[in-house]
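Presented below is the structure to which this report refers.
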Amino acid sequence: MNRAYWRWSVGAQLYRLPIAMGPLAFTSVAAVVTGSYRLGGVMVAVLVGAEIVGAVPCGRLLDRIGVPRGLVLLLLAAGTAMAALVVAAGAESHGLLVALVVVPGLVVGGLSGGFRTLLGSVVPDDRLPRAVAIDSMLFEGVLIAGPLLVAALNPAGALVPLAAMAAAYFAAALAVPRVVAPAPPRAAKLPVRNALPWLACLFALGHLLATVEVAPLPLVQRLGADPALAAVVIVVLSGASITGSAVFAWRRPPAGRRQAALALAGFVAGGSVLAADLGWAGLLTGAALVGGGTGPLLTIASVRLQRLLPEGRRAEGFSAAFVVQATGFGLGSLSVGVLPLSLAPTLGVVSSACACAMLALLNSS
């Protein structure tokens, strides 16, 4: 990988760090401000809702004004909003806390699409699958590091993690690669039909992944185990995801339908084992199968979308893909909350099987 890629990667991981820190940071500051964690839950829900609403409009904006310039503007807006959030928390303004969360939420989906679009400008096409796989590994590391960083900073004060989140956005703005390229003409429409199977893959990924990431505590309690062992499930899931991405980056197989179908088959097997309640062996095997397919499937879908999306609408297209994956994750989280524990992963299995069928239909058409 070249220097431009690593600069891009620094910016990408820095903008993701506040996302990973957010849930614990918001609940911690809510507990200090109100004496309850409830406001923190509301802030997280508002943040996620704003991400979904703002992703595509922000992606369109980036396509129109230029991705590097647009990313800097969005990152500065997010950092400023987070800095204002620190002030509002210090003033114990409950309503303002919720309102200010909307701004970083609105831009996060656009940041995802913008950084992914920019990756195509800093990495040659033949190295793109490896670059995405490496990025997937690093992203898993950020997801693990975010809550740990909040826990490390909390003793200095509940506002310190929020200040660190603001600083991460500002630092990411400085790291955006200055890629200069003529703006391509805006395409008439997005290739929705050809993109549907790959969007279905992202939906299934988010859907099934949520049933593991959101439910480690009830999964281990179902086995009569100590709730503290819920962390083991996340460690296995994340470790398998990092390993799967590393193997994909090392072997560099073609980013094709067959490889995507294999990852989805792993999802189906993993989700089925989780739903069957086969003890610790089944729980850890299921988590490993889901995690092992996450990185490769995300890489393949991302590369295939890169080849489908017209240059003038890539930020919009990748932002839409972010919305699809986030929607899957949200529905998976909801299923954990309202359905029997064995049924939630079963729905994720159905999503994965449907995505696999759509890949097969696209291949035969």
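The values are calculated or read from the model by the stated rules, or taken from the named source; none is laboratory data. Everything quoted here is computed from the prediction, not taken from an experiment. Neighbour counts run over all protein chains shown; Cβ positions are idealised from the backbone, glycine included. With ligands, DNA and RNA removed, areas are computed over all heavy atoms of the protein, side chains included. Shrake-Rupley method; radii C 1.70, N 1.55, O 1.52, S 1.80 Å.
Values as computed for the structure displayed
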quantity: Odd one out for Val303, checked against (1) at pLDDT 90 or above; (2) open to solvent by less than 10 Å² (accessible area, probe 1.4 Å); (3) closer than 19 Å to Cys201 by Cβ; calculated: (1)
quantity: Among residues of region 14-38, those that are part of a helix (DSSP H, G or I) and open to solvent by 40 Å² or more (accessible area, probe 1.4 Å), counted; calculated: 7
quantity: Residue within region 22-37 that is closer than 28 Å to Ile134 by Cα, of a type outside the set (Gly, Ala, Ser) and under 17 Å from the mean Cα position of the chain (by Cα) present; calculated: yes
quantity: Every pair of residues 6+ apart whose Cβ atoms lie under 7 Å, when the first sits in region 255-267 and is surrounded by 21 or more Cβ atoms within 10 Å (Cβ to Cβ) while the second is among the charged types (D, E, K, R); calculated: Ala255/Arg304
quantity: In region 316-364, the residues that are of a type in the set (S, T, N, Q) and under 18 Å from Ala301 (Cβ atoms); calculated: Ser319, Gln325, Thr327, Ser351, Ser352, Asn363
quantity: Search result, residues across region 52-74 that are charged (D, E, K, R) and open to solvent by 50 Å² or more (accessible area, probe 1.4 Å); calculated: Arg60, Arg64, Arg69
quantity: Of all residues making up region 327-353, the number that are closer than 20 Å to Leu264 by Cβ and without any contact (Cβ under 8 Å) to a residue 24 or more places away in the chain; calculated: 1
quantity: Residue within region 246-258 that is of a type in the set (D, E, K, R), at pLDDT below 90 and part of a loop (DSSP other than H, G, I, E, B) present; calculated: yes
quantity: Some residue of region 219-227 being surrounded by 17 or more Cβ atoms within 10 Å (Cβ to Cβ) and over 13 Å from Gly293 (Cα atoms); calculated: yes
quantity: Output for region 258-309, where each listed residue is touching a Lys or Arg at 6+ places or on another chain (Cβ under 9 Å) and β-branched (Val, Ile, Thr); calculated: Thr299, Ile300
quantity: Scan of region 313-339 for residues that are closer than 18 Å to Ala287 by Cα and either open to solvent by less than 60 Å² (accessible area, probe 1.4 Å) or not in a helix (DSSP H, G or I) (or both), ordered by number; calculated: Gly328, Gly332, Ser333, Ser335, Val336
quantity: Given (1) without any contact (Cβ under 8 Å) to a residue 40 or more places away in the chain; (2) under 30 Å from Arg178 (Cα atoms); (3) not aromatic (Phe, Trp, Tyr), number of the condition Arg38 does not satisfy; calculated: (2)
quantity: The one condition in (1) in contact with a Leu (Cβ under 8 Å, 6 or more places away or on another chain); (2) open to solvent by 10 Å² or more (accessible area, probe 1.4 Å) that Met165 fails to fulfil; calculated: (2)
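Residues are listed down the side, and each one gets a yes or a no for (1) part of a helix (DSSP H, G or I); (2) touching a Leu at 6+ places or on another chain (Cβ under 9 Å); (3) buried (at least 22 other Cβ atoms within 10 Å of the Cβ):
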residue: Leu76; (1), (2), (3): yes, no, no
residue: Met82; (1), (2), (3): yes, yes, yes
residue: Ser112; (1), (2), (3): yes, no, yes
residue: Ser121; (1), (2), (3): yes, no, no
residue: Arg127; (1), (2), (3): yes, no, no
